Each structure stands twice: as C-alpha cells, then as structure tokens.
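These notes are about the structure you will find just below.
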Amino acid sequence: MTYHGPGQLCGYPILYLREDERDVHLYLRRIEEAIIRTLADFAIDAGRCPGFTGVWVGSHKLASLGVAVRRWVTSHGLALNVCTDLDRFSTINPCGLPGPRP
C-alpha cells in the first residue's frame with residue numbers, strides 16, 4: 001500500500017530515458033542518491049538498505065520510491081517523509097515491511 005499525505009514531499013519526475021540511461025535499477029539508484037545528497041545538506045545522515053529500494057536513516061525508512069517506465073518514459077516517483085504524522089501508518093504495512101507502530 002502507498003500512503004501520500006500531509007508532511008510528505010512527493011515528486012513525480014517524468015523523463016525520457018536516453019538509450020545510454022535505459023537501466024531502471026540505475027535510475028532508482030540515481031533518485032536515491034539525489035535524496036541522500038539533499039538530506040546531507042540538512043545534516044541528515046541517510047543511506048541505502050541493501051536489498052531494498054528507498055532511503056533510510058538507520059533502520060527507519062525515510063523515502064519510498066515507486067516508478068513506472070513505459071516506452072522509456074518514467075512516471076510515478078518518490079515520497080519523502082519530512083514531518084509526517086506517523087499515526088497514519090498504524091493501520092497499513094507500507095512497502096510490505098514490518099516495523100514499529102506508533
């Protein structure tokens with residue numbers, strides 16, 4: 001299940017991937033890297049969790065990504081929890097990941 005709501009920064013890049021960019025996994029890693037670098041500008045030490053897509057601070061997922069690519073045009077995107085009310089996650093299991101409930 002996906003949740004988008006108050007306190008999240010959502011982005012939906014729509015890009016045409018040129019022939020030398022046609023690697024969806026690389027595209028996801030580049031989005032993650034952009035988020036990680038942006039968070040570093042705010043002194044937030046974020047990174048990746050091996051085997052999972054997204055951006056994490058420790059064991060807490062801070063940003064989720066979900067993209068679609070059709071005819072090498074991207075759609076969908078990312079949700080970065082900035083000041084999200086985590087109670088909203090208490091009734092769902094986002095990204096299929098178990099985690100602490102508020």
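Please treat every number below as a calculation from the coordinates, not as lab data. Bear in mind the structure is a predicted one, so any value in this text is a computation, not a measurement. Positions of Cβ are backbone-derived with ideal geometry, glycine not excepted, and every protein chain shown enters the neighbour counts.
In whole Hz, what ³J(HN,Hα) sequence does the range 9-19 give by Karplus (6.51, -1.76, 1.60; θ = phi - 60°), x for Gly and Pro?
My calculation for the range 9-19 gives 9, 10, x, 10, x, 10, 10, 8, 7, 5, 3 Hz in order.
Could you calculate the FRET efficiency of His60 with Arg30 from 1/(1 + (r/R0)^6), where r is the beta carbon distance between them and R0 is 22 Å, rounded to 0.05?
Details: r = 22 Å, r/R0 = 1.01.
Once the sixth-power term is evaluated, E becomes 0.50.
What does the extension gain come out to for Leu15 and Arg71, with contour length at 0.36 nm per residue minus their alpha carbon separation?
Contour length minus Cα-Cα distance gives 19.1 nm.
Summing +1 for each Lys or Arg and -1 for each Asp or Glu, what net charge is found among the other residues whose Cβ lies under 13 Å from the Cβ of Val55?
With Lys, Arg at +1 and Asp, Glu at -1, the neighbours total +2.
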